[in-house]
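Below is one structure, written out as structure tokens; the observations come after it.
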Amino acid sequence: MKKLIQTLKNIWSIDELREKITLTLLLLLVYRFGAHIVIPGIDPNKIEAAAKSTQNNGLLGLFDAFAGGAFSQAGIFALGVMPYISASIFMQLMTVLVPQLQKIQKEGKSGQIKINQWTRYLTVVVTAFQAVAYISLLESQSYRAALIDTYQPYFYVSTIFVLTAGSLFVMWLGEKIQDKGLGNGISIIIMIGILSRLPQAVIQEFQSKMVKGGNGLLIFLIEIAAFIFINMALVMLVQGVRKVPVIYAKQLVGNKQVGGARQFLPLKVNAAGVMPIIFAQAIMFLPTLVSFTNLDKGGAIARIFGDHTNVWYMVIYGVMTIAFTFLYTALIFNPKEMSEDLKRNNGFIPGVQPGQPTADYIGSIMDRITFPGAVALALAGILPGFAQMLGVQQSFSYFFGGTSLLIMVAVILDTLQQIETHLLMRQYDGLMSGNARIQGRTYSGSRV
């Protein structure tokens with residue numbers, strides 16, 4: 001405890017770090033305030049009943065978690081950062097598939113500025129399309145009672161403008177946090193939206209267990225212990241790396257000899273981050289649209305793909321997560337480019353020839369470590385379903401794994417890593433003792 005207090009004092013004594021933390025907290029406060037402002041044309045007193053039908057509804061529940069509850073509450077930040085995430089994912093995939101974009105990306109800072117600007121333009125287009133879809137949701141049976149009749153002639157146009165402006169403002173907040181605050185801005189905003197639901201979920205779980213008497217308290221404590229254990233396991237998954245030894249040849253630069261050092265090439269066990277789970281959830285949501293037609297008269301498809309506790313849902317979801325993990329890793333991980341970088345810097349892996357043999361060697365290692373990482377990611381994705389089957393309330397079960405918990409763990413680790421870097425630069429003790437170091441994974445719009 002004494003060391004923790006001293007570490008907090010060290011953090012606050014660094015002027016730059018204190019300013020970054022203060023600015024980040026202020027911008028997040030603005031975001032949370034805006035998330036509770038209701039779209040014009042909707043009665044805030046009648047929105048609560050409609051929100052309950054959306055909060056835990058498949059992919060819509062995921063959107064609501066990312067938006068910090070603004071999606072179900074029809075807030076001006078209802079779309080949140082989702083349009084920017086969608087645009088960023090598309091641009092990242094295009095930079096892999098389109099050679100011209102690859103060349104622009106390799107131009108350095110100027111190329112990245114161009115891609116970021118195109119991403120912003122694409123965000124406006126995506127936001128407009130998603131705003132139209134969201135208006136359809138607001139005009140559905142669930143939300144119809146909350147609409148103000150006298151405002152209906154202006155509702156469609158004004159809502160598109162408000163939602164678009166709201167998403168662009170959230171994107172601006174994220175970029176300001178990224179530039180002048182602490183941590184990755186978009187990641188922090190997503191995490192705060194998810195964390196905002198945790199206290200209420202814990203309270204509801206506690207109240208539901210207290211109804212059962214003394215045994216209920218014991219069950220609740222066991223659930224909290226399981227929640228902590230799952231968090232620790234996910235930290236290991238996010239930080240897990242395979243270190244490949246690399247030796248750099250000695251060189252004479254002027255009168256000095258450089259190189260000759262033995263270093264390691266860290267290959268992440270979960271290089272794809274949380275994206276496979278997001279893709280799998282999006283695909284799993286599509287079959288539920290059949291329930292709005294006459295093709296699923298018995299409701300079998302809706303029961304399978306709309307129930308997280310269904311065995312078939314878990315199996316299909318797990319298989320798709322593993323498949324998307326390999327696919328996304330193949331898209332973002334380029335062993336040939338890594339081999340060329342090593343060769344260019346006079347580095348080599350002991351016992352492996354430079355060039356294509358090195359690329360094949362790195363690729364084979366990545367394939368071997370990706371499989372257990374993919375299985376662990378799939379297991380994390382279906383854990384909320386198991387938790388719900390064991391009696392955990394639905395709102396709290398979502399924090400036992402899945403996208404929400406993975407994003408929270410990854411973002412917190414990344415933020416702590418940045419704080420530790422500031423401490424070590426000023427010769428203070430880091431957050432971890434010994435040689436242990438925190439490794440985070442940022443969310444740059446498309447990865448966590």
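The values are calculated or read from the model by the stated rules, or taken from the named source; none is laboratory data. In this text the structure is predicted, and so the values were computed from the model without any measurement. Please note: Cβ atoms are built from the backbone with ideal geometry, for glycine as well, and neighbour counts cover all protein chains shown.
For region 1-37, how many residues meet the condition of being over 19 Å from ILE192 (Cα atoms) and among the β-branched types (Val, Ile, Thr)?
Here is the first cut: in region 1-37, the residues over 19 Å from ILE192 (Cα atoms) are 1-19.
From the residues that got through so far, the ones that are among the β-branched types (Val, Ile, Thr) too are 5, 7, 11, 14.
The number of residues fulfilling the criteria is 4.
Taking region 1-50 as the search range and keeping residues that are farther than 30 Å from PHE155 by Cβ and not in a helix (DSSP H, G or I), which one is nearest to the chain's Cα centre (by Cα)?
ILE14
Of the residues ILE332, ILE316, ILE322, only one is closer than 25 Å to ILE89 by Cβ and at pLDDT below 85; which? Steps first, please.
On the way: ILE316 fails: at pLDDT below 85; ILE322 fails: at pLDDT below 85.
The match here is ILE332.
Being under 16 Å from LEU331 (Cα atoms) and either more than 25 Å from the chain's Cα centre (by Cα) or in the same structural domain as LEU331 (by TED's automatic domain parsing) (or both) is the filter here, so list the residues in region 99-114 that pass it.
Of everything in region 99-114, just one residue is under 16 Å from LEU331 (Cα atoms) and either more than 25 Å from the chain's Cα centre (by Cα) or in the same structural domain as LEU331 (by TED's automatic domain parsing) (or both), namely PRO99.
Taking ASN346 and the conditions (1) surrounded by fewer than 18 Cβ atoms within 10 Å (Cβ to Cβ); (2) at pLDDT 90 or above, which numbered condition does it fall short on, given that it satisfies the others?
The one condition ASN346 does not meet is (2).
If the Cβ limit is 9 Å and pairs must be 6+ apart or interchain, which residue in region 307-318 that is buried (at least 16 other Cβ atoms within 10 Å of the Cβ) pairs with which residue that is in a loop (DSSP other than H, G, I, E, B)?
Final answer for the pair search is TYR313/ASP307; MET314/HIS308; TYR317/HIS308.
Test of understanding: among TYR154, TYR121, which residue is of a type outside the set (Val, Ile, Thr), assigned to a helix (DSSP H, G or I) and under 13 Å from GLY41 (Cβ atoms)? If you could, list the steps in order and put the result at the bottom.
Numbers: TYR121 fails: under 13 Å from GLY41 (Cβ atoms).
After ruling out the rest, the residue left standing is TYR154.
Being crowded, with 16+ Cβ neighbours inside 10 Å and either of a type outside the set (A, V, I, L, M, F, W, C) or assigned to a helix (DSSP H, G or I) (or both) is the filter here, so list the residues in region 136-150 that pass it. Spell out the reasoning first.
Taking region 136-150 as the starting set, the residues that turn out to be crowded, with 16+ Cβ neighbours inside 10 Å are 137-138, 142-143, 146-147.
Answer for region 136-150, where residues must be crowded, with 16+ Cβ neighbours inside 10 Å and either of a type outside the set (A, V, I, L, M, F, W, C) or assigned to a helix (DSSP H, G or I) (or both): LEU137, LEU138, SER142, TYR143, ALA146.
Could you tell me which numbered condition ILE76 fails, if it satisfies all but one of (1) more than 16 Å from LEU138 (Cβ to Cβ); (2) modelled with pLDDT of 85 or more; (3) surrounded by 18 or more Cβ atoms within 10 Å (Cβ to Cβ)?
Condition (1) is where ILE76 drops out.
So, THR164, is that one assigned by TED's automatic domain parsing to the domain that holds ILE39, surrounded by 20 or more Cβ atoms within 10 Å (Cβ to Cβ) and within 25 Å of the chain's Cα centre (by Cα) or not?
Spelling it out, THR164 is indeed assigned by TED's automatic domain parsing to the domain that holds ILE39, surrounded by 20 or more Cβ atoms within 10 Å (Cβ to Cβ) and within 25 Å of the chain's Cα centre (by Cα).
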